[in-house]
Amino acid sequence: MSLFNLTYKKIKLKNGLEVIFYKDSSLPIAAVNIWYKVGSANERKGKTGLAHLFEHMMFQGSENVPKEMHFKYIQEAGGILNGSTSFDRTNYYEKLPSNAIEIPLWLESDRMGFLLNALDEEKLENQKSVVINERLERYDNQPYGLAWEIIVKNLFPENHPYSWPTIGFKEDIESFTLEDVKNFFKSFYSPSNATLVVAGDINETEALNLIEKYFGEIPSYETPDPPAAVDFQLSENIFIEHMDNVQLPRLYLAFPTVKSYEPKDAEFEILSDILSGSKNSRLNKRLVFDEQIAQDVSAFQFSGKYGGMFMIISTAKPGVEISELKKKIFEELYSISLNGVSDKELIKTRNGIKSNFIASMQNLDNIADHLNHYNFYLNEPNSFEWDINRYMSVEKENIKDICNELLNKNYLELNIIPKGI
């Protein structure tokens with residue numbers, strides 16, 4: 001059997017909750033990983049940041065679990081836990097000794113089914129303050145911290161589900177009412193809008209009995225339709241200059257591209273690695289080491305359920321103009337579009353991707369999250385082999401073509417300039 005071909009079982013409870021089991025008895029540990037199909041893309045203008053706020057609210061206690069005790073119960077059992085929010089989904093996860101598997105199942109069910117009765121103004125105001133402080137720390141007061149927000153706000157069309165940051169806008173967070181929060185919960189935190197993965201050293205029958213016990217009676221709400229994912233291109237190049245409390249200028253280039261797992265998604269990822277994935281990658285070697293005009297340079301393909309973009313970011317050395325960085329970056333792109341890449345570059349990138357993929361599968365947390373990830377985007381949890389083959393099948397000509405395509409696109413350019421220059 002291939003290393004990348006995992007055996008799993010997927011069932012659906014009567015209330016619509018999807019459950020995925022993956023058995024691995026190599027270590028006496030288990031992972032519980034739940035994805036709610038709600039992220040900032042499911043919000044609307046004027047009410048941004050609700051999905052991220054819920055990542056915090058869901059740790060504030062539910063009807064049968066006192067505030068902050070979710071952490072205490074898991075940690076006292078020898079486990080770890082956390083949550084995260086993206087444009088597309090909200091995720092909560094626990095990993096702990098497998099003989100304690102009942103604890104996270106009970107905790108997750110209590111906040112899925114019995115959170116509303118424990119929500120009050122005091123908890124809401126407390127977490128609004130926490131999120132606003134997080135926003136100040138990570139965005140408003142962080143050097144270059146507003147770059148992502150500026151890019152998504154201006155690259156994606158108005159009202160596109162990715163045209164605001166996941167953390168939300170400060171004035172929106174401040175305006176949340178208890179009614180807003182309760183309505184959002186009823187809209188999206190429903191069994192029929194969630195997938196639960198239970199992985200590791202488990203007995204599937206016993207685990208299913210526990211899941212039926214704790215989740216089976218939770219009623220499902222009607223979930224709103226997903227946002228529309230309209231493909232778009234820029235009609236012209238967009239240039240933005242933003243003054244910030246930074247020491248050095250930084251260049252951001254953002255090109256609209258493809259959604260998750262669409263054709264060309266893998267090609268863009270491979271191109272990003274060839275450009276900046278290692279010290280010897282094209283942009284790193286030229287800008288940072290050979291010509292020493294950049295402090296750093298990176299490229300990456302971001303792709304989600306409703307859109308994607310290819311980004312190149314570079315910080316100038318003291319005394320270097322952003323225009324010089326931009327010129328050299330485009331020279332490298334033109335070089336690839338004309339001459340392609342070498343066998344060595346493509347093999348190195350493929351091997352690196354495969355190596356990282358194998359390394360990630362040594363961790364039960366990652367496997368559980370991958371199962372949820374593939375189920376969400378592809379409706380097939382066991383897409384490991386299909387996924388890695390996307391990269392292994394990319395040829396040099398594909399990279400040349402994708403670079404040509406990039407150079408024929410309009411793009412957004414953001415310059416962050418130190419105040420006082």
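Here are a few things to note about the model shown:
- Residue among I336, I358, I329, I347 that is assigned to a helix (DSSP H, G or I), free of Cβ contacts under 8 Å to residues at least 12 places away in the same chain and among the aliphatic types (A, V, I, L, M): I347
- Residue within the range 69-89 that is among the polar types (S, T, N, Q), at pLDDT 95 or above, surrounded by 15 or more Cβ atoms within 10 Å (Cβ to Cβ) and in a strand (DSSP E or B) present: yes
- So E385, is it open to solvent by 50 Å² or more (accessible area, probe 1.4 Å), out of contact with any His (no Cβ under 7 Å at 6 or more places or on another chain) and part of a loop (DSSP other than H, G, I, E, B): no
- The set of residues in the range 388-399 that are open to solvent by less than 50 Å² (accessible area, probe 1.4 Å) and part of a loop (DSSP other than H, G, I, E, B) contains only V394.
- Residue list for the range 348-371, filter: of a type in the set (A, V, I, L, M) and surrounded by 11 or more Cβ atoms within 10 Å (Cβ to Cβ): I353, I358, M361, L364, I367, A368, L371
- Filter pass, E108 being among the charged types (D, E, K, R), under 25 Å from Q75 (Cα atoms) and open to solvent by less than 40 Å² (accessible area, probe 1.4 Å): yes
- Taking helices (runs of 4 or more DSSP H) as the structural unit, those lying wholly within the range 93-197 and holding at least 1 residues that are farther than 23 Å from K12 by Cα correspond to 121-135, 147-155, 170-175, 178-188.
- Residues being out of contact with any strand residue (DSSP E or B) (no Cβ under 8 Å at 6 or more places or on another chain) and open to solvent by 30 Å² or more (accessible area, probe 1.4 Å) - total across the range 304-327: 6
- Long-range neighbours under 7 Å by Cβ, at least six apart or interchain, first residue assigned to a helix (DSSP H, G or I) within the range 400-413, second among the basic types (K, R): I402/K264
The values are calculated or read from the model by the stated rules, or taken from the named source; none is laboratory data. Only a predicted model underlies this, so the values are computations on that prediction, with no experimental measurement involved. All Cβ positions, even for glycine, are placed from backbone atoms using ideal geometry, and neighbour counts span all protein chains on display. Calculation scope for accessible area: heavy atoms of the full protein, side chains included, ligands and nucleic acids excluded. Shrake-Rupley method; radii C 1.70, N 1.55, O 1.52, S 1.80 Å.
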